[in-house]
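Taking it in order: structure first as structure tokens, then the write-up.
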Amino acid sequence: MFFTASACIIVSYLIGAIPFGLLLSRSSGIDIRAQGSKNIGATNVARLLGKKMGALTLACDMLKGFLPMFAASLLPRTDPKHDLLVALCGAATVLGHMFPVYLRFKGGKGVATALGAFLYLAPPAALGCLLIFVVTVSLSGYVSLGSLLGSASILVVLLALQVPAWKFWLAAFIVLLIWIKHHQNIGRLLDGTEKSWQKKTRA
């Protein structure tokens, strides 16, 4: 079981590390790592290549957050650490997106991949999180603020739903990573220099 679990975690990381935004943008001749926010995630892809490419990147990044956890959940539940394995696979895929070995560990901020993981953990909570993201971005114009508030809100919802402890702590770990990855955005939000999505500049 140890080797099976180790293999699942490693594969989850490698799947999470696939830079779909970069791969999908190659045909356009634009290096998304050199323009806009220089991020490989869906937001920067949408800014540079349009909403359709951004949506496709979002879907791919979400799937790589959901599928490794779903696959791990299909393993026999005879091992008492089954839930721990699923949680570690979820953490690994988000870490893969944020720190991809294929790009010298310089990746995205993990929001879409986290949303995929949240969809596995608790679909209603993930949808609530997404709603808060959409409302926040619509009202403020700041994608970063939407990501921060949307991700943090899932912890409140998970507590309200009384999900198993391992689901809550996995979500808390992922939210912490997202906030750390957004530290520069947080600084710009606090000093009023963060750029708005409506202005089509970096957020």
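The values are calculated or read from the model by the stated rules, or taken from the named source; none is laboratory data. Keep in mind the model is a prediction, meaning the values are calculated, not measured. Every residue, glycine among them, receives a Cβ derived from its backbone with ideal geometry; neighbour counts consider all protein chains shown. For accessibility, only protein heavy atoms count, side chains too; no ligands or nucleic acids. Shrake-Rupley method; radii C 1.70, N 1.55, O 1.52, S 1.80 Å.
Just to verify a result, which residue in the range 163-196, among those that are among the β-branched types (Val, Ile, Thr) and assigned to a helix (DSSP H, G or I), is surrounded by the most Cβ atoms within 10 Å (Cβ to Cβ)?
Our first condition is that a residue be among the β-branched types (Val, Ile, Thr); within the range 163-196, this holds for 163, 174-175, 178, 180, 186, 193.
From what's left, assigned to a helix (DSSP H, G or I): 174-175, 178, 180, 186.
On the way: ILE174: 28, VAL175: 21, ILE178: 21, ILE180: 12, ILE186: 15.
Among them, the one singled out is ILE174.
Can you tell me which residue among ILE15, ILE40, ILE10 is in contact with a helix residue (DSSP H, G or I) (Cβ under 6 Å, 6 or more places away or on another chain) and open to solvent by 40 Å² or more (accessible area, probe 1.4 Å)?
Working: ILE40 fails: open to solvent by 40 Å² or more (accessible area, probe 1.4 Å); ILE10 fails: in contact with a helix residue (DSSP H, G or I) (Cβ under 6 Å, 6 or more places away or on another chain).
Just a single option satisfies the conditions, and that option is ILE15.
Does ALA152 count as at pLDDT below 95 and either among the aliphatic types (A, V, I, L, M) or surrounded by fewer than 20 Cβ atoms within 10 Å (Cβ to Cβ) (or both)?
On the way: at pLDDT below 95: no; either among the aliphatic types (A, V, I, L, M) or surrounded by fewer than 20 Cβ atoms within 10 Å (Cβ to Cβ) (or both): yes.
Criteria not met by ALA152.
Anything in the range 107-141 that is assigned to a helix (DSSP H, G or I), more than 12 Å from the chain's Cα centre (by Cα) and under 13 Å from MET69 (Cα atoms)? List them, or say none.
Correct list: TYR120, LEU121.
In the range 129-144, which residues are in contact with a Ser or Thr (Cβ under 7 Å, 6 or more places away or on another chain), on the phi < 0 side of the Ramachandran plot and not aliphatic (A, V, I, L, M)? Lay out the reasoning, then the answer.
Step one: filter the range 129-144 for residues in contact with a Ser or Thr (Cβ under 7 Å, 6 or more places away or on another chain), giving 129, 132-133, 141-143.
From what's left, on the phi < 0 side of the Ramachandran plot: 129, 132-133, 142-143.
Across the range 129-144, the qualifying residues are CYS129, PHE133, TYR142.
Cβ contacts < 6 Å: first residue among the acidic types (Asp, Glu), restricted to the range 81-98; second residue open to solvent by 10 Å² or more (accessible area, probe 1.4 Å), any location; separation 6+ or different chain. Result?
Close Cβ pairs (under 6 Å, with a partner that is open to solvent by 10 Å² or more (accessible area, probe 1.4 Å)) amount to ASP83/TRP166.
Can you find a residue in the range 38-58 that is within 15 Å of ALA117 (Cβ to Cβ) and modelled with pLDDT of 90 or more?
Scanning the range 38-58, I find at least one residue that is within 15 Å of ALA117 (Cβ to Cβ) and modelled with pLDDT of 90 or more, so the answer is yes.
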